[in-house]
1. What angle do you read, to the nearest 10 degrees and between 0 and 90, between the alpha-carbon axis of helix 189-200 and the longest principal axis of the chain?
2. For each of ASP79, ASP383, count neighbouring Cβ atoms within 10 Å of the residue's Cβ, then give the residues from fewest to most.
3. Checking the cross-link filter: which lysines have an alpha carbon closer than 18 Å to that of LYS18, excluding same-chain neighbours under 8 positions apart?
4. At q = 0.11, 0.14, 0.27 Å⁻¹, work out log10 I(q)/I(0) for region 432-512 with the Debye formula, treating every Cα as an identical point scatterer and leaving solvent out; two decimals please.
5. Arranged by the count of other C-beta atoms within 10 angstrom, fewest first, what order do VAL88, VAL375 take?
6. With runs of 4+ DSSP H residues as the only contributors, calculate the mean residue ellipticity of the chain at 222 nm using -39,500 (n - 2.57) per run, divided by the residue total and rounded to the nearest 500.
7. Consider the candidate values (1) 26.9; (2) 24.6; (3) 59.8; state which one is mean projected area of the Cα convex hull in nm² computed from the structure displayed.
8. Starting with the fewest neighbours, write out THR413, THR352 ranked by other beta-carbon atoms found within 10 Å of each beta-carbon.
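Taken together, the values in this text are just the output of simple stated rules run on the coordinates, not laboratory data. Note that the coordinates shown come from a computational prediction; the quantities given were computed from them, not determined experimentally. Here the Cβ positions follow ideal geometry from the backbone for every residue, glycine too, while neighbour counts run over all protein chains shown.
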Amino acid sequence: MISEETEKGKLAIKRALKALRKRHLVEEGAHAPAIDALSKPYATQSLEWKEKADKLEMELQQCYKAQSRLSEQLVVVVDESRNSKTLVQEKEALITELQNNFYETSEENTQLKEELEEKTRAVELLIAENQSLKSQLEDALAKLRAAEAENKNLIDRWMLEKMKDAEKLNEANAMYEEMLLKLRAAGIGGIQQNAQKQADGIIRRTETGYLHFNDSPLPSFCKVTIQAHQGGCGSLAFQHNSDRLISGGQDRTVKIWDPHTGALISSLHGSVGSVLDLAVSNENRSVVAACSSNNLCVWEINGGRMRHTLTGNISKVCSVDTSRVAAFTAASASLDHTIKIWDLNSGFCINTIMSESNCNSLAFVDRDTVCSGHVDGNLRLWDIRKGKCTSQVAAHPQVTSVCVSRSGNFILTSGKDNVHNLFDVRTLEVCGTFRAGGNQVVTGWGRPCFSPDGNFIAAGSSDGNIHVWSRVRDGAVTVLEGHSSAVLSCAWSERGTPLASADRNGNVYIWT
C-alpha cells in the first residue's frame, strides 16, 4: 500500500512539474517564488518515503528468512514427532509382551514352587528312610562284627586243635624218620621201600629215586655276593640237576649265573615288564618268566633267543611253574582271577581256569594237579584237565606263596600272619607249622623253598635275615644274616648245595 501511494505521488508530481514547466516560460518571472515554495516540501517528503520503503523491505526480507527457518524447524519437529510416535508404539508393544511374559513366568513360578514343595516332601521322606536304613545297617554291622569275632575265635580254636594234631603228627614223623635212619644204617633198604609203599599206597612218578636225593647240608655262611639287578630281584630258580642259577628282577632282565664264582653267564632280554617269578622246563631247555606287563616270556636257555611271548591276561602275571613230568606244560596265575595252562612248544593256552579269588602263587604237584595260594587265605588243588577245583582248605588270612617238595608229598604255604604251614598232599592237613620271632613275610613277594631232600625249609624275612627250619628235628631254626634289605626269594639247588637268596636291593647271596 505504501509503495502504490508513493508511486501515485511521484506521478502527480511529474505531471505537476510538466505543467509548471510549460507555464514557466510564461509565468517564470511572476510565479518563480511560488514554484520554489511548492517544489521544496514534496522533495523532502519523497526522501522520507524512500527511507521508510527501504526499511520495510529489509524487514520483509528478515521476515522471509525467519519464516524459512521456522519452516525447517517445523519439518524437523514433525519428523521427530513421527519417530517419537513410532518409538512409543514399539514401547507399548514391548510392554504388552513383557506383561504377557510376566504372567506366563508367574504361572511357571507357581508350578515350580508346587513341584519344589513336592520334591522337598519326597527328600524328607527319603532322609527318614535313609536314617532308618542306616540304623539297620549299624545293627547289621554290629551283628557282623560279633559274628566275625565269634568266627575268629572258632578259627583260632580250630587252628589250635590242628596245631596239636600237627605236633602229634610231627612226633610220629620224627619217630618214622628215626626208624628209617636206623634201618638205613642197618642196610635194610628193602624194608624202607616196603614201609613207604604201605604208608603211601603208591609210588608217585615224582618220587622216583626219592631215597637217592642228595643230602642237603645246613648252610652257614655266605660264599658269594652278586649285584644282580637294578631296582630289586624278586625271583630265583636253579636249573634242574645243575648249579646254574637264574634270576629275574625289576630291570626287566633274566640273568644266568655261576653261583660258585658269581660270574654272569648270559642275559636274556625282551621283557617289557618287571620279572615277578621264574620257572625252568624239566629238560632245562627253556626258562619262563611271569611279568608285570600282563604276559609271560619264554627264552631258550642255550642261545638266549626269545621263543614265545604268552599273552591273554588283563592284569600282571604274578606266578609261574612248569610241570616236572610233562616236558612242555606250564601254569601261570594272574591278578585277573585266572589260572592258565600253556603249551610251551606251540605257545598256546591249553586251558583257562577262573578262580573266585586272586591267586598269588601256584606250583605243580603232579602231571595233572596244580596247587595255588589265594588272597582269600585258601589253599586250592586244581585238576588242570577238567579245569575244576578238587579240594581246598583254609591256610592263612592271606596266602602269599606256595611251594611243593621234590617228593611231591608236602606243600609249604606262607601267609601274611608270618606263619609257614606244611600240608600233607594226600589229606591237606597241617603236618607242621614254622614261625620265628623275627621272621616277617614280605607281603606279596616272599618265596620260600624246600631243600632237595625235603628236610629243611628256607624263608626270607623283611628284616634281611633268612630262617632255615629243620622239618625232621622239631622245627629247629637257623638264622642266616647278611642282607641289608628285605629278602624276597630263596632257591635251593637240586644238588643239595648251595642255597641262593635275593633281596629288594637286587643283591643275590650264595650260601653254603
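1. Roughly 50 degrees between the two axes.
2. With the sparsest Cβ surroundings first, the list reads ASP79, ASP383.
3. LYS8, LYS10, LYS40
4. Evaluating at q = 0.11, 0.14, 0.27 Å⁻¹ gives log10 I(q)/I(0) of -0.24, -0.39, -1.40.
5. By the 10 Å Cβ count, ascending, the order reads VAL88, VAL375.
6. Result for the chain, helices only: -14500 deg cm²/dmol.
7. Computed from the coordinates, mean projected area of the Cα convex hull in nm² corresponds to (3).
8. Numbers: THR413 25, THR352 13.
Placing the least packed residue first, the sequence is THR352, THR413.
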